[in-house]
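Notes to accompany the following structure.
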Amino acid sequence: MAVMKKKGGKEIGAISTSSLPDIIFMILFFFMIATTMREQDLLVRFQLPDATEVQKLEKKQLVSYIQIGEPSTAALRAQFGTAPRIQLNDSYKTTQDILEFIASERDKLSEADRAAMTVSIKADRTTLMGVITDVKQELRRANALKISYAANKGL
C-alpha cells in the first residue's frame with residue numbers, strides 16, 4: 001500500500017486588492033446620490049397630526065416650509081418661552097415677516113416655477129388655530145395660495 005504524504009509548507013496566495021478602490025468609489029457614489037442634506041436647522045419641535053388623506057409633493061425644490069411649534073431646546077425655551085413660535089428658514093419670525101419670506105423664496109425660483117410654488121405648514125398638533133389662521137392670512141396677502149399641511153401618515 002502506498003503511503004500518502006501531505007505536502008506541507010505551502011503558502012496561501014496574497015489577496016488581490018486591485019479592485020478595492022473601485023468598490024470604495026462605488027459605495028461613495030451611492031451615498032452621495034442616495035442622501036440629502038438638511039436645508040435648515042429645526043428650532044421648533046412639533047408632533048404632526050395624523051392624516052386621513054396623503055398627497056405626495058412632486059417637486060420638493062418648489063416647496064417652502066413654515067414650522068410652528070414650541071422651541072426645541074431648553075436654552076431656547078428659557079430665552080423665548082414655551083409659546084408656539086414661527087420658524088422661517090433658520091430663525092424665529094413673526095407673522096409680519098411672512099410677506100418678506102415669500103417674496104425672497106419666489107426670487108430664488110425661475111419665472112416659470114413661481115406659479116407652482118407651494119408653502120408647506122408643519123405645525124404641532126397642539127398649536128392653537130389662531131396662530132395658523134394668522135399665518136394663512138399673511139400667506140393670502142403675499143398671494144401664496146398653494147398651501148400644503150404636513151401630517152403623519154396614519155389612520
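The values are calculated or read from the model by the stated rules, or taken from the named source; none is laboratory data. The model shown is predicted, which means the values in this text are computed figures rather than measured ones. Note: ideal-geometry Cβ built from the backbone for every residue, glycine included; neighbour counts use all protein chains shown. With ligands, DNA and RNA removed, areas are computed over all heavy atoms of the protein, side chains included. Shrake-Rupley method; radii C 1.70, N 1.55, O 1.52, S 1.80 Å.
Numerical summary
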{"read-out": "Where a residue in the range 44-64 is under 21 Å from E105 (Cα atoms) and of a type outside the set (S, T, Y) and its partner, wherever it lies, is modelled with pLDDT under 75 and open to solvent by less than 100 Å² (accessible area, probe 1.4 Å), with Cβ under 7 Å and at least six apart", "value": "V63/L57"}
{"read-out": "Count of the range 96-155 residues which are within 13 Å of I68 (Cβ to Cβ) and part of a loop (DSSP other than H, G, I, E, B)", "value": "6"}
{"read-out": "Residue that is modelled with the lowest pLDDT [pool: residues in the range 60-91 that are among the charged types (D, E, K, R), farther than 20 Å from K146 by Cβ and open to solvent by 60 Å² or more (accessible area, probe 1.4 Å)]", "value": "D90"}
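Residue-wise test of (1) of a type in the set (S, T, Y); (2) out of contact with any helix residue (DSSP H, G or I) (no Cβ under 9 Å at 6 or more places or on another chain).
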residue: Q67; (1), (2): no, yes
residue: P71; (1), (2): no, no
residue: I86; (1), (2): no, no
residue: E111; (1), (2): no, yes
residue: A115; (1), (2): no, yes
residue: G130; (1), (2): no, yes
residue: T133; (1), (2): yes, yes
residue: L145; (1), (2): no, no
residue: S148; (1), (2): yes, yes
